[in-house]
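These notes concern the structure reproduced below.
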Amino acid sequence: MLRTITCRLYPTRAQTARLEHYLLVGRILYNRALDARIYWYKASGKALTFYDQTRDLTQLREADSFYRDASVHVERDALRRLDKAYKAFFRRVKAGGTPGFPRFKGHHRWNSFSINDCGKCVRHNRIRVSGVIGLIRAKNLRLGTADIVEQRIIRKAGKWFCHLIIDDPISITSDSPRSAVGIDVGLAKFATMSDGTTIENPRFGKKAERKLAHAHRNVSRTKKGSKNRRKMVERLQRVYLRIHNLRHNFTHQESRRTANKYGVIAVEDLNVKGMVRSRYGKSILDACWSMFTTQLTYKAEEAGGMVVRVNPAGTSQECSQCGQSIPKDLSVRVHRCDCGCVLDRDLNAARNILRRALDQHRPAVGGIVTPVEGTAASLMNQEEVTIKIGSHHYPCCRSSSQALTNQTDSAQ
Ligand SMILES: [Zn+2]
């Protein structure tokens, strides 16, 4: 399975100069290639392709030592990015949008380059970058036995990072059947599990909001294009980076704990992007659910478990005991039903999510797991997924189709 790991780089002064040079060459080439595309189209009415431009690059490297001096991977990457920008532009034009035409890149708008087929570029917490003398010191590098597919070097907030795209063989280590759980993610609590455990909401963004506002103000006070502005922008980027790191740390820890504890994990298939646009935007981004579920998915798969995504419509309205729809708005925190069921709102939702997953995967109980989107292929032919739901009682007698009609009713 492909995934990305990130590490911080500590290049020496000479190495930094070299990396900066790569950024410069990549950017200049990008601008030159964009110019060529525009010119060629005006002159001949025909479009230059990525292949035309890589061919030209070979000649260019022979003729000009500025380009010959840098790694060819870096230059191909620039051409690839231009090609991607062009394709994205025309795709969106075709779709009826009004996208901006690919732009010429200024000094601060080009902060990364990537190198594919970088081979075995990692050695004892050090990374080799093609054409850079010596190995670059790195931190946070946990690679294992995975193959490296691509290396991307990034300059961010005045620091250097490396993204490694790696091909990780999934190891199934699960031997004892672990229990199934449903997770409801929310704003009051970060997550509520169907067995009653909860994860508090960390709200890093809220804590950092003042710092952020301050840094933003500092930027807007400075003159455009001034040295001081550059400094303040970098300071602002550092605040964002810090928030990003806090979130990452949090979601990684919690998803690891959850993936180790449970075998079958049911989550809502939230269209987080859609929800962010509605009224709870900031908090939802803050809660970083999508980061959590993504990490949860691959961590569960690594541990031999699975994540099942269910339709989230009406999970908080439905009674988890009798299936009746009890409409309530967000301010109502307790679920009360005529059947005598009184539960915390989120706990009730978590139980519904679990039940829907079990309904979806009925054959999985002691049988064969059917393929689900977003789970590893390795799990599809796993023969036995025993689902033990602790001491809790889950009425799963209703058919899925009936559950679906209830969902659509209560969705409104
Ligand atoms: Zn009920």
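Any read-out appearing in this document is the output of simple, stated calculations on the displayed coordinates, not a laboratory observation. Everything numeric here is computed off the predicted structure, so don't read it as measured data. Don't worry about glycine lacking a Cβ; one is built from the backbone with ideal geometry, like all the others, and counts go over all protein chains shown.
Extension gain, Asn245 to Thr294: 0.36 nm times the residue separation minus the Cα-Cα distance gives 16.0 nm.
Taking other C-beta atoms within 10 Å as the exposure proxy, His163, His124 rank His124, His163 from fewest upward.
Ordered by the count of other Cβ atoms within 10 Å of each Cβ, fewest first, Ser290, Ser44 give Ser44, Ser290. In this simple spin-label approximation, Ala188 and His108 carry label points 7 Å from Cα along the Cα→Cβ vector, and these lie 4.4 nm apart.
Loop-resident GluC sites (Glu not before Pro) (DSSP state other than H, G, I, E or B) in the stretch 184-272 with no more than 11 further Cβ atoms inside 10 Å of their Cβ: Glu200. Which residues in the stretch 63-86 have a backbone N closer than 20 Å to a point placed 7 Å from the Cα of Ala43 along the Cα-to-Cβ line? Only 63-64, 79, 83 fall inside the zone, counting backbone N under 20 Å. Overall dimensions of the stretch 1-90, expressed as equivalent-ellipsoid semi-axes from the Cα gyration tensor (√(5λ), whole Å, largest first), are 27, 18, 11.
Using the Kirkwood radius built from alpha carbon pairs, what does the Stokes-Einstein equation give as D for the stretch 29-78 at 20 °C and 1.002 mPa s, in µm² per second?
Here the translational diffusion coefficient equals 189 µm²/s.
Shape class of the stretch 96-168 from the alpha-carbon gyration tensor: prolate, with a/c at 1.5 or above and a/b greater than b/c. Working note: Karplus 6.51/-1.76/1.60 with θ = phi - 60° gives the stretch 120-128 the couplings 8, 9, 10, 9, 6, 6, 9, 10, 9 Hz, where Gly and Pro are set to x. For Ala36 and Arg230, a Förster radius of 35 Å and the Cβ-Cβ distance give a FRET efficiency of 0.70, rounded to the nearest 0.05.
Bridgeable lysines around Lys87 (alpha carbons under 26 Å apart, same-chain partners fewer than 8 residues away excluded): Lys42, Lys46, Lys105, Lys273. Based on Cα contacts under 8 Å between residues 6+ apart, the stretch 2-167 shows a relative contact order of 35 percent. Can you list the residues of the stretch 190-226 with backbone N under 15 Å from a point 7 Å past the Cα of Cys341, pointing along Cα to Cβ? Answer for this model: 194-196. Of the residues Ser114, Ser316, the one with the fewest other Cβ atoms within 10 Å heads the list, and the complete ranking is Ser114, Ser316.
Given 20 °C and 1.002 mPa s, how large is the Stokes-Einstein diffusion coefficient of the stretch 2-167 in µm²/s, with Rh as the Kirkwood radius over Cα pairs?
Values: Rh = 17.2 Å.
Here the translational diffusion coefficient equals 125 µm²/s.
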